[in-house]
Each structure stands twice: as C-alpha cells, then as structure tokens.
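Handing you a structure now.
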Amino acid sequence: MSYNKDILAIKRNLLKESSSSNLIDYYDQSKIILDARKAFDGLIPYSGLGANSTNDYFSSIDLIGGKLKTDEDYSDVDLSLEIGGRYSNNIITTDVPFFISGMSYGSLKLPAKIALHIALNKLAEDGIKVIMNTGEGGALPWEIYGMDIENSSIIEYTNRLLKEHNLDNINREQLFQRHYPLVVQYASGRFWKDPNYLLKADAIEIKIGQGAKIGHGGLLPGSKVTELVAENRGIPPYRSAHSPSRHLDILGPEDLVAKILELREVTDWNIPIIVKVGAARAYDDIKIILKSYADSASIDGYVGGTGAAPWEIRDIIGINTIPSIKMGKDAINDYYSHKEINEFKLLAHGGIWDSKRIAKCIALGANGVGIGTGFLISMGCTLIQDCYTNTCPAGLTGSYEKLDIENSAKRIINYIKGTMVELQNIVGSLGKKRIKDLNKDDLFATDELSNMVSGLSSNNKNYFKQIKDKIRQIDVHGMELNV
C-alpha cells in the first residue's frame, strides 16, 4: 500500500472509531493526521507558508475616517519609503511602503524568480521602484551583474541555469539589468561565495530569525537542492541544506555590534544594514538593534510564511505581527525619549498582503512592510502549503514548467499598481497627503483583547492600563493594598 493510501486508511479508521464518541468534535483533525504521518514514517511533518492564527488582530482594528469632504483624486498621495542614512552614507528610496520579502532561489524555482525580476524592472521603467529581498539562498547573476560582465564562469553558469529550465532563448539584454533596489540577506547559512553579493547590493539584511520558525534554522529539502541550486549556494547537491539556528559568530549583543561594524568597513559605510528577527521578545530585541549601528530592524510575526517549517514550531512559537509592532515601536520611543529622533526604520512582516493591513501596520508604527505570500498569490499560488515537497500546482516552488513568466510578471505589476491606488485612497480619505503621516490616532480597536495588544483606543478605554494598575494594587501575597 502506498504512503497516501495508508494515511487515508488511518483517517477513515479514526473517523469510524470516533463516530459514537464524537472524538473529532473535540480534536483538530489536521493535527490527528499529522500524528498519523509521524507514526507512519518517523519524520517530523513540515509545512510551507505561514501559521494559521485564531486571531491576528487585523480584523478587530479599524481605520477611522478623516474628513467631511474628500477629494476624488488621491493620485498625488506620497507612498514613498526611505531606508538608510542613520549610519550608512546611502539611502534606499522606494515609491511604495511595501516590498518583496526574502524568497530565495531554491525555495522558489527559477521562473518565479525571473518573473519577479522582470516585473520590478518594468515598474522601475514606469517610475515605480519596489525593493526586492533575495532571501538567504544567494543572488542570481543578473541581480548583481550588468551586461558588462566579463567573468566567463558567471556567464557559463547563467547559460546552464537557463537551459535547465528551458529558458535558453530568453533575452539576455533584458535579463541582465536591474533598476530596482536589492536587499541581500546575510543569514546564518552564509549561502553565497562572491564578495559582489555584498558589495553590489543596495542594502544588507542580517537575518537573525524569522517568524515562521523562531529559534529554528532554515531547511531546503534535498529534493530541491539541484546541482545548480547547490552550485549557487556552495553546498553538496541533493542533500538537505540546513541553516544553523543562529549565526555562529553572533552569540550576543556585542557580537552583533562587531558584525555590523565589520560589514560597515567592508562596504565603506555606504550600504544600509537591516537586522531581521522573528517576533518573540520584540521590545528587548529592538533595543539591542537600536544600539548596534543598524539603520533598520525587521520584525517577522509568527504567521510569516516560509518554504519549510516544522508544524510544532510554526504553529505555537512566537507572537503576532500587531503586538510585535507595538513592542518594537515602544522600544524605539523609549530609546529616543531623551535624544534627537533620527533615521532608524521599523519594518514589519507576517500576514500582510493587502492595502488595509499595510495601512494599519504603518499607522501602528511600522515604516514599511514586507510581503511574501501576496506576491506568490499574484503569480497563482493555491495555498496548499506543500512548498517543501518540490511539487506545486502553480509552478512556483516546484513543477516550474507550469509557470508562465510573462503572464506572471504582468500579474505582479497589476498587484503592485492596484495596491498603490488602494493605499492612496485610504491615506487620502484619512485627510493626509503622505502615508508616513498615519499614526495610532487613525486606528480604533473594536474589542478589549486587540486594545491590550495594540495599545489603541477602544471605547475611550485602555484595558491594558487598567489591568496594569490593578496588578500594582496587589502585593506579593495576593492581598489588595489600599492605595
């Protein structure tokens, strides 16, 4: 009997045995099936994309209208985002407050990466610059080199890449150009070997962790580590690529400072440096990053997507995006309470894919947001969460022959332009001309729990403050004090 048939048989037996006791009414069937899979092959079940949160707080936070009379045309609303300038000489300027989160070659197949590359180039030609993050798998040749490349090994590798994916007829001149800002990841696996990976980037992101698997290293299953993926990463082919759960030379705050200063010297203090953490102890993490000569911090809520994460890590460890933004912003405000505000930027990831969520994150305190799953959906992702299996109905994370690059690039462009118009309408309707002027006064929490985790107003009450005040009235013996 095949693996799938065995699993189906287990499921039928569970349903049959539980029909009288209504066992399934009390237990999550998906978790029962996961345990059945684990018992069958002894392997820890993995999943792609993000966790399924029972409450991510976005739906219980509303935007408050701004004006009695509004204009119909909000096309002049400023959506720009700048990163850098705190310690870097260079500043990235982008025309939208959202960007493509790190999705590496290997996790995504080559046609999907090319579709993103072509779409952002076309948008840049139209005057719309959008940032792309490479992910931790290293950059592709056309992302860091122009047409004047003279390195024969790079050209030869490019030819083999395109031929393997039946793309050897692609226009090289169109491919070997980049007009959008590129952020490269400096992750624990160090899956890059060319110094130009750092030197030709527009920004460097030191990835400490990500929301989908906080405290757990990355994994690219061996079936996805083809010879060309392995060559790009500098690892053996057809063996699982494991990223350590931490940087081996960053053991604490002092090491983070030393690493950032090292990268500052390598890049002559020109390139902005971002530090990315999974949302856990966000207040403490942001305080450390603020003191570490970084230009920016990224917080990734635990619903953030990934190519492969253990179910038990993905679904229970970490905190959601909304409370993580609050804690991060509180840390920034406390740090600058007696200092002159400068150019430190807070970026948010995790469960953000539409204009309403982007606006809410920025109003709460984020300067920009990263989107991963939203871009996958724009290219046809069906959300089956089997990204790690090397099979994909849309041809994004597997079965690459199914992806139409030209059509996917058009859909990416439509997604970005449509989201821009929606954001301009939201900001304009709030009576503002710049999205960076959104703040907490533009938001309203509709229930007590959302009020507590976000610090927003809710029926003119602050339940979080009430509970803190009540705790202060109780001594260590549980006796209420008369204060």
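Which net charge results for the neighbourhood of Pro221, defined as the other residues with beta-carbon distances under 12 angstrom from its beta-carbon, given Lys and Arg at +1 and Asp and Glu at -1?
Net local charge, Pro221 excluded: +1.
Using Cα pairs under 8 angstrom and six or more residues apart, how large is the relative contact order of segment 61-441, in percent?
Averaging sequence separation for qualifying contacts and normalising by length gives 23 percent for segment 61-441.
On to the next question. Which parts of segment 254-277 would a label at Leu199 reach, counting a residue when its backbone N lies under 18 Å from a point 7 Å out along Cα-to-Cβ?
262-272
Which cross-chain or sequence-distant (5 or more) residues have an amide H under 5 Å from the amide H of Ile131, H modelled 1.01 Å from N in plane?
It is Ile100, by chain and number.
Rounded, prolate or oblate: which one fits segment 72-160, using the alpha carbon gyration tensor with axes a ≥ b ≥ c (rounded when a/c is under 1.5, else prolate when a/b beats b/c, else oblate)?
prolate
Tabulate in residue order the Karplus-calculated ³J(HN,Hα) for segment 369-385, using 6.51 cos²θ - 1.76 cosθ + 1.60 with θ = phi - 60°, rounded to whole Hz; enter x for Gly and Pro.
9, x, 10, x, 4, x, 6, 5, 4, 4, 8, x, 4, 9, 6, 7, 6
Amide H to amide H, which residues 5 or more places from Asn320 or on other chains are under 5 Å from it, using H placed in the peptide plane?
HN-HN under 5 Å from Asn320: Tyr302.
Report the net charge of residues surrounding Gly127, where surrounding means a beta-carbon distance below 15 angstrom and charges are Lys +1, Arg +1, Asp -1, Glu -1.
Net of charged neighbours comes to -2.
Alpha carbon centre of segment 344-416 versus segment 117-174: separation in Å?
After rounding, the separation between the Cα centres reads 20 Å.
Around Asp386, which amide H atoms from residues at least 5 apart in sequence, or from another chain, sit under 5 Å from its own amide H, with H modelled in the peptide plane?
Gly48
Also, I was wondering about something else. So for each of 257-268, 275-286 I average, over its residues, the number of other beta carbons within 10 Å; can you give me the resulting order with the highest mean first? All intermediate terms of the calculation are to be shown ahead of the outcome.
Working: 257-268: 15.3, 275-286: 22.8.
Result, highest mean first: 275-286, 257-268.
In what sequence do Asp76, Asp168, Asp95, Asp442 fall when counting other Cβ within 10 Å, fewest first?
Least crowded to most crowded, the residues run Asp76, Asp168, Asp95, Asp442.
DSSP loop GluC sites (Glu not before Pro) in segment 116-208 with at most 14 other Cβ atoms within 10 Å of their Cβ, which ones?
Working: sites: Glu125, Glu136, Glu143, Glu150, Glu156, Glu164, Glu173, Glu205; in loops: Glu136, Glu150.
Hits after loop and neighbour filter: Glu150.
If you don't mind, another one. Kindly flag which residue pairs out of Lys291/Lys329; Lys193/Lys402; Lys287/Lys433; Lys356/Lys440; Lys163/Lys224 have an alpha-carbon separation exceeding 23 Å in this structure.
As for pairs spanning more than 23 Å Cα to Cα, those are Lys193/Lys402; Lys287/Lys433.
Assign one of three labels to segment 259-411, namely rounded, prolate or oblate, based on the Cα gyration tensor with a ≥ b ≥ c the square roots of its eigenvalues; rounded applies when a/c is under 1.5, prolate when it is not and a/b is larger than b/c, and oblate otherwise.
Since a/c reaches 1.5 and a/b is larger than b/c, the shape of segment 259-411 is classed as prolate.
FYI, it's all coordinate maths here, none of it is from the lab. This is a predicted model, so every value here is computed, not measured. All Cβ positions, even for glycine, are placed from backbone atoms using ideal geometry, and neighbour counts span all protein chains on display.
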